[in-house]
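Questions regarding the structure given below will be posed in turn.
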């Protein structure tokens, strides 16, 4: 039986993962938390076989950083990092931290279970160069337009005027973007998108 600790700050996804994993004959959920900062202590207490952890968790805790801590303290625990964000640097950072495998949240549950079982068999699984989810693949045209407007420093009032949407509609779009990315602020995600060249600001 593979005992798995889940670290995911989105409650719906965390519950879904718990149910999916719990339904597998060879897996069980040892525990869950929304904050990567809790992971080292929980690993010491629960002694899971595998840690399934998001990159960005509650309070902006970095899952990869804490994965490095756990790898040094408890190298016997296998670590799988997951993310919805298209950033090749996450993969590089995960490798350096000693992470065994890396998966995008856009992958299906069959691939998730394949990664978990392969990792437990000592086979690390990382995405190939063409597997990274693009910005256009993750967001609708309206969401990309809003992200672009925020990247340009536009206020909400300016965005509403520019895109011809209602305040309620804009809030719904922002909520959708945050749900997809795990960020708690559209401004934070805009800065991230700019830093990774995911958004190109028109001259």
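If you go through the stretch 122-134 one residue at a time, do you hit one that is in a helix (DSSP H, G or I) and at pLDDT 85 or above? Break it down stepwise before answering.
Step one: list which residues in the stretch 122-134 are in a helix (DSSP H, G or I), which gives none.
No, because not a single residue in the stretch 122-134 is in a helix (DSSP H, G or I) and at pLDDT 85 or above.
Please count how many residues of the stretch 151-165 are touching a helix residue (DSSP H, G or I) at 6+ places or on another chain (Cβ under 7 Å) and at pLDDT 90 or above. Steps first, answer last, please.
From the stretch 151-165, those touching a helix residue (DSSP H, G or I) at 6+ places or on another chain (Cβ under 7 Å) are 151, 154, 156, 159-160, 162-163; that's our starting set.
Now drop any that are not at pLDDT 90 or above, which leaves 156, 159-160.
Count: 3.
Here's a follow-up. Among the numbered criteria (1) closer than 25 Å to residue 57 by Cβ; (2) modelled with pLDDT of 80 or more, which single criterion is violated by residue 142?
(1)
Return a yes/no flag: does the stretch 23-44 have any residue that is touching a strand residue (DSSP E or B) at 6+ places or on another chain (Cβ under 6 Å), more than 30 Å from residue 188 (Cβ to Cβ), without any contact (Cβ under 8 Å) to a residue 40 or more places away in the chain and not in a strand (DSSP E or B).
The answer is no, given that none of the residues of the stretch 23-44 is touching a strand residue (DSSP E or B) at 6+ places or on another chain (Cβ under 6 Å), more than 30 Å from residue 188 (Cβ to Cβ), without any contact (Cβ under 8 Å) to a residue 40 or more places away in the chain and not in a strand (DSSP E or B).
I would also like to ask the following. Just give me the residues in the stretch 51-63 being touching a strand residue (DSSP E or B) at 6+ places or on another chain (Cβ under 6 Å) and either modelled with pLDDT of 95 or more or more than 21 Å from residue 176 (Cα to Cα) (or both), in sequence order.
Within the stretch 51-63, 51, 52, 53, 63 meet the criteria.
The values are calculated or read from the model by the stated rules, or taken from the named source; none is laboratory data. These figures come from a predicted structure and were not determined experimentally. Note: ideal-geometry Cβ built from the backbone for every residue, glycine included; neighbour counts use all protein chains shown.
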